[in-house]
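The values are calculated or read from the model by the stated rules, or taken from the named source; none is laboratory data. Bear in mind that the values here come from a model prediction, so they are computed numbers and not experimental data. All Cβ positions, glycine included, derive from the backbone under ideal geometry; neighbour counts span all protein chains shown.
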């Protein structure tokens, strides 16, 4: 796209900001290479589904869930930063402008391609050392009501996003760490306009007002949510980010910021949590080997456990490959009934395996000693034999036996999953990044932390521990793989994905989405649409959604003809309509450069040169 140069850009504040101008240390600023200018970009104000054009670029591209965040990454790339540099700037701005979805109080999975190797950086939250499998059980041994657990100190895991980003930057950063915080610090101090999505999220939440800091910051004295367009400043977050910019992740995990987090979690008035200063100080981000799977002419690389995303996506796609060829996957530009039937049935089978086998690999053995057993073509061919003309129906799918395990695991009951944001970036050197980042539920645990600054604002704490199974055992006393255990990482559905051409080994796509467990369906369908059906990134993201977690099927409300719903129900799917608000971001390699898409259901955009 044709963007003016950084030096000529003007904005509603008229300010060009370097790291030195926002009070960052001179020692971090030798040979300053990046100057941030507050951009004249705002989120679209429509709610619901808004058509987007897709964006063609030649040299690099960045896609994120808010235009201010995308622009921060864009400016970093223009200044010569790497994809990791840009992701750091994007994440810090998202903490400010999209606080309901992700931030420094949460966790993230980052997939990175450096031109030769793919690495998976794990910043998933962990349970406190004092946590036990009875964390979410009441005095009678029964699970707490879900939202009682969410809006509490019990749900807060030790955050990992900052420490993980620091690890990735140490290996793949080009610009100084401190400079990458200039966009978020500037916007926090000068203010940003509350978007329609943030306003409606605040209006629709029943619990955030109950937190004293959050209630005072995001609502009026009358308890009304801040109006769309309100200029919101966050001085507490600016102070917190300045400390992290100067001192790295240790500023987040020790000292005033950590002490404040621990105090708030342990001091929750109804259901205090157990995070300690030792938990904060000793958190370790991990590098893991990605799971890369051959599918058609492509090699699809995604995150290993504790994410269930890549395994479940590739089980769905691999199972469908063993079905007879389908001549009409699309009808009038939408997925056909036959394709939807197959997709939903394959999803039922994959989610049955997911519920039994997948959890933190430091605590749970993979079937047969390797997660690859779940993707073995012979195993998936056997699973495909269960797909017939009629649906298995809700709860009709059972787990398979991909390989022996030392411990017999019970099937985890379904629990709500939500929230999250996704970032896709390909830089000028051809390095690719896919990062999905979360505080879990919208507004996380509904606890705002000001880092001990005493200033208005701050960042939200996650509720990631509610991704564990509330029940540790089934009715027969068999343990559930994804039960709560001390220092364990809860199972996730996040699916940051990088795709390569199998023959040339060239990176051809980066994509991912928020959406709880439905992330898996959103990402799987986008892969099929882009790589099998030949749609461009935006066309693929525009397609309507269909999901099942193993029970009823859901079609995106208002996006399918009634005849499609009726046809699926005739096949036994127990299908109905519901809102399915994905937040997909995708970048595809083209002959001219790149083509990026942003989900029309949210306020994201793509930028690049």
Filtered residues of the range 213-240 (kept if without any contact (Cβ under 8 Å) to a residue 12 or more places away in the chain and either in a helix (DSSP H, G or I) or surrounded by 16 or more Cβ atoms within 10 Å (Cβ to Cβ) (or both)):
215
The condition of being without any contact (Cβ under 8 Å) to a residue 12 or more places away in the chain and surrounded by fewer than 24 Cβ atoms within 10 Å (Cβ to Cβ) holds, among 148, 210, 205, 117, only for 117
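Within the range 384-430, count every residue that is in a loop (DSSP other than H, G, I, E, B), modelled with pLDDT of 75 or more and under 20 Å from the mean Cα position of the chain (by Cα).
1
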Does residue 69 fit the bill of being in contact with a strand residue (DSSP E or B) (Cβ under 7 Å, 6 or more places away or on another chain) and either outside any loop (DSSP other than H, G, I, E, B) or crowded, with 24+ Cβ neighbours inside 10 Å (or both)?
no
Considering only the range 489-522, how many residues are assigned to a loop (DSSP other than H, G, I, E, B), surrounded by 24 or more Cβ atoms within 10 Å (Cβ to Cβ) and over 15 Å from the mean Cα position of the chain (by Cα)?
1
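Can you go through 531, 541 and tell me which one is touching a helix residue (DSSP H, G or I) at 6+ places or on another chain (Cβ under 7 Å), over 25 Å from residue 396 (Cα atoms) and in contact (Cβ under 8 Å) with a residue 12 or more places away in the chain? Reasoning before the result, please.
Working: 531 fails: touching a helix residue (DSSP H, G or I) at 6+ places or on another chain (Cβ under 7 Å).
Answer to the check: 541.
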Within the range 34-54, can one find any residue that is buried (at least 16 other Cβ atoms within 10 Å of the Cβ) and either part of a helix (DSSP H, G or I) or at pLDDT 95 or above (or both)?
yes
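For the structure I just gave you, tell me whether residue 535 is touching a strand residue (DSSP E or B) at 6+ places or on another chain (Cβ under 8 Å) and surrounded by 19 or more Cβ atoms within 10 Å (Cβ to Cβ). Can you show your working first?
Values: touching a strand residue (DSSP E or B) at 6+ places or on another chain (Cβ under 8 Å): no; surrounded by 19 or more Cβ atoms within 10 Å (Cβ to Cβ): yes.
No, not satisfied.
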Can you confirm whether the range 265-272 contains a residue that is modelled with pLDDT of 95 or more and in contact with a strand residue (DSSP E or B) (Cβ under 7 Å, 6 or more places away or on another chain)?
no
Residue list for the range 561-590, restricted to those being more than 18 Å from residue 524 (Cβ to Cβ), assigned to a loop (DSSP other than H, G, I, E, B) and modelled with pLDDT of 95 or more
571, 572, 574, 590
Using the structure shown, decide if residue 349 is buried (at least 23 other Cβ atoms within 10 Å of the Cβ) and either in contact with a strand residue (DSSP E or B) (Cβ under 9 Å, 6 or more places away or on another chain) or at pLDDT 95 or above (or both).
yes
Looking at 457, 477, which is the one that is surrounded by fewer than 20 Cβ atoms within 10 Å (Cβ to Cβ) and farther than 30 Å from residue 546 by Cα?
477
